[in-house]
1. Peptides 43-52, 26-35, 68-77: what's the order by average Cβ count within 10 Å, highest mean first?
2. Any idea which of 61, 71, 24 is furthest toward the positive side of the dipole for the stretch 22-82, if Lys and Arg beta-carbons carry +1 and Asp and Glu beta-carbons -1?
3. With a 1.4 Å probe and every protein chain left in place, work out the accessible area per residue of the stretch 22-82 in Å², rounded to a whole number.
4. Mind checking the alpha-carbon convex hull of the stretch 22-82 and giving the volume per residue in Å³?
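The values are calculated or read from the model by the stated rules, or taken from the named source; none is laboratory data. This is a predicted model, so every value here is computed, not measured. Virtual Cβ from ideal backbone geometry, glycine too; neighbours counted across all protein chains shown. Note: accessible area is taken over every heavy atom of the protein model, side chains too, but ligands, DNA and RNA are not part of it. Shrake-Rupley method; radii C 1.70, N 1.55, O 1.52, S 1.80 Å.
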Amino acid sequence: MTKNSFVSVISHEEKEENWGSAEFQVFRFTNKIRRLTSHLELHKKDYSSQRGLRKILGKRQRLLSYLSKKNGVLYKELISQLNIREVKTR
């Protein structure tokens, strides 16, 4: 698991200024999702963590939906850099 895979995309200075940006929030949620997923591989019956994972997945999905409507180019860039899913072509 790569801990800071998004560092090349957002420099350290930009991170401090844009903590509330949708891109940075998606990055943070992605890291939490990866960490919880690896935790749940070891602890399959940790239902509290499963619930938390589902909540974070929903939040990330809503943010990505917002990003796709507001800035499709940035959305596609973010999806490919975080390796979340395949970019849909229309």
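1. So the order, starting with the most tightly packed, is 26-35, 68-77, 43-52.
2. Farthest towards the positive end: 61.
3. Spelled out: the 1.4 Å probe surface of the stretch 22-82, per residue, equals 66 Å².
4. In the stretch 22-82, the Cα hull volume divided by residue count equals 64 Å³.
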